[in-house]
């Protein structure tokens, strides 16, 4: 199968991939987002667009993807199963493919309780695993979940999933990744890595199971902008581990923002040394302007130009 | 059992405002056992309501009664004559009871005194936990007796999400991660392979999502169809 996207090409040709992240706003005005996208265009291979992250209503991932494509940039559309049933998920996927989206990241989504519509229904008609498999079946077998055939085959799409080495039961996490691969995941992005020791332990088991050869593993990296941001992630973002040493280190630094960037750069450098890590996903939440600096200082610039 | 919780008195008083003579009617089954709508709670509710009406200077009369099961026509029929004198009945049964009463006694106003919470059981004195959503297609064989449809906040069928930490659900530190429990139990029983296969999307048509459910058992039906 031909690579579906630049991201897939990059990963499959053995280059260490870099993806960025764009969080759509709580309005239909995406001018700032477009600026961020434009500013990091030479530094990332593709852009994740989050899907109502932390269950907060925002411009849709697919809507923003349309704009990125118009700008000549490559989106990775995040699709959670929290807000849409299988009819809508499959329909949205077809719609996104119809205007050129080729990378999809299939995930469960934070519970609606965390967002700005806590009284909404959590749909969860299919789970993330089933959604990965459904996309694969649509692409490879041309069938919908219900068994009906697509009228025309789906072009190649690159199927992504998420993995969280910082969630429990820790011993089960590599096996969960194996299950996602069996379901159809071709690349996985991890939760933000702050606890590198735990990440390395997870990777050891991943390698032991040979999973790094079956899936492209992209490590999640988030530069910490402030002590407040670190504490917020530590206490309020589900499935995160932010070690206390990290906070102490930033506290002790004269220029805290600079230290945050430095830690992100060091994290990427360490990730590059780990066998089986195929790229990084830089999630500079509300701090998009530092992405180019991080990518450059991590030695990942310029990005390889693939034909 | 069906677990209920009595509505706040102010809400009950507001719904009873147009009525003068009211019967607070307990139900002798599930809601008696879960201490929310039995004989004792009906008496307590009636006393509190009487006191409130007195304070407010409202004219009226509140009496109490208890029916063994408000969800079965034969019990309703036996009790019906005793409800004739009332303008309204405040039922302390679950939503099933309130509706069975309404259907059988269409001339009567039957009001809900409880919020029907869930199907579950007491895990300790005074603590009830939801365990079954009545999805119509039980998967407890695959998950060693722990229901992920009900007890996983996202009703996942293929293992724990990334929000599971220290055995707890991302939704609350007070909620156990169902998949953590399932994992631990499978590990103990040397059955972890149960988690390997990708479970296909669930057919929710057997649940409420398929529309209102009716079950017909021809083998036990009377010829008259009643």
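FYI, it's all coordinate maths here, none of it is from the lab. These figures come from a predicted structure and were not determined experimentally. We place every Cβ from the backbone using ideal geometry, glycine too, and count neighbours over all the protein chains shown.
If the segment from residue B:73 to residue B:9 were pulled out straight at 0.36 nm per residue, it would be longer than the present Cα-Cα gap by 20.2 nm. In the protein assembly as shown, the calculated helix contribution to ellipticity at 222 nm averages -10000 deg cm²/dmol per residue, counting -39,500 (n - 2.57) for every DSSP H run with n ≥ 4. Computed from the C-beta positions of residue A:234 and residue B:194 and an R0 of 25 Å, the FRET efficiency is 0.15 to the nearest 0.05. Entry note, the range A:174-274: relative contact order of 32 percent, from Cα contacts under 8 Å with a spacing of 6+ residues.
Other protein chain C-beta atoms within 10 Å of residue C-beta, averaged over B:186-194: 1.
Using 1/(1 + (r/R0)^6) with R0 = 45 angstrom and r between the beta carbons of residue B:142 and residue B:59, what's the FRET efficiency to the nearest 0.05? Approximately 0.15, to the nearest 0.05. Any idea how far the Cα center of the range A:231-263 sits from the one of the range A:271-305, in Å? Going from one Cα centre to the other spans 18 Å. Working from label points 7 Å from Cα in the Cα-to-Cβ sense, the residue B:80 to residue A:273 distance is 8.3 nm. Take every DSSP beta bridge whose two residues both sit in the range B:2-118; close to 20 percent of them are antiparallel. The alpha carbon centroids of the range A:181-224 and the range A:36-67 are separated by 22 Å. P(r) tail, chain B: Cα-Cα pairs separated by more than 32 Å, 37% of all pairs.
Modelled spin labels at residue A:70 and residue A:251, positioned 7 Å past Cα toward Cβ, are 4.8 nm from each other. Using a ≥ b ≥ c from the Cα gyration tensor of the range B:26-110 (square roots of the eigenvalues), is it rounded, prolate or oblate, where a/c under 1.5 gives rounded and otherwise the larger of a/b and b/c decides, a/b for prolate? It comes out oblate by the Cα gyration axes.
Once C-alpha pairs closer than 8 Å and six or more residues apart are averaged by separation and normalised to the residue number of the range A:6-297, the relative contact order reads 18 percent. Using alpha carbons only, the radius of gyration of the range B:134-197 set against its Kirkwood radius gives Rg/Rh = 0.95. Binning the alpha carbon pair distances of the range A:6-297 at 5 angstrom intervals from zero yields the distribution 1, 5, 12, 16, 19, 18, 15, 8, 3, 1, 0, 0, 0, expressed in whole percent. What whole number of Å gives the distance from the Cα centroid of the range B:27-78 to the Cα centroid of the range A:131-177? When both Cα centres are located, 53 Å separates them.
Look at the stretch A:81-89: the mean tally of other chain Cβ atoms within 10 Å of its residues' Cβ atoms is 1. Per-residue shielding of A:231-243, expressed as the average number of other chain Cβ atoms within 10 Å of the residue Cβ, stands at 2.
Between residue A:171 and residue A:31, the modelled label-to-label distance comes to 5.6 nm, taking each label 7 Å out from Cα in the direction of the beta carbon. Summary of packing: across the peptides A:182-188, A:296-302, the per-residue average of other C-beta atoms within 10 Å ranks them, highest first, as A:182-188, A:296-302.
Here the scattering of the protein assembly as shown is modelled by Debye summation over its C-alpha atoms, one equal scatterer each and no solvent; at q = 0.06, 0.07 Å⁻¹ the log10 of I(q)/I(0) is -0.39, -0.51.
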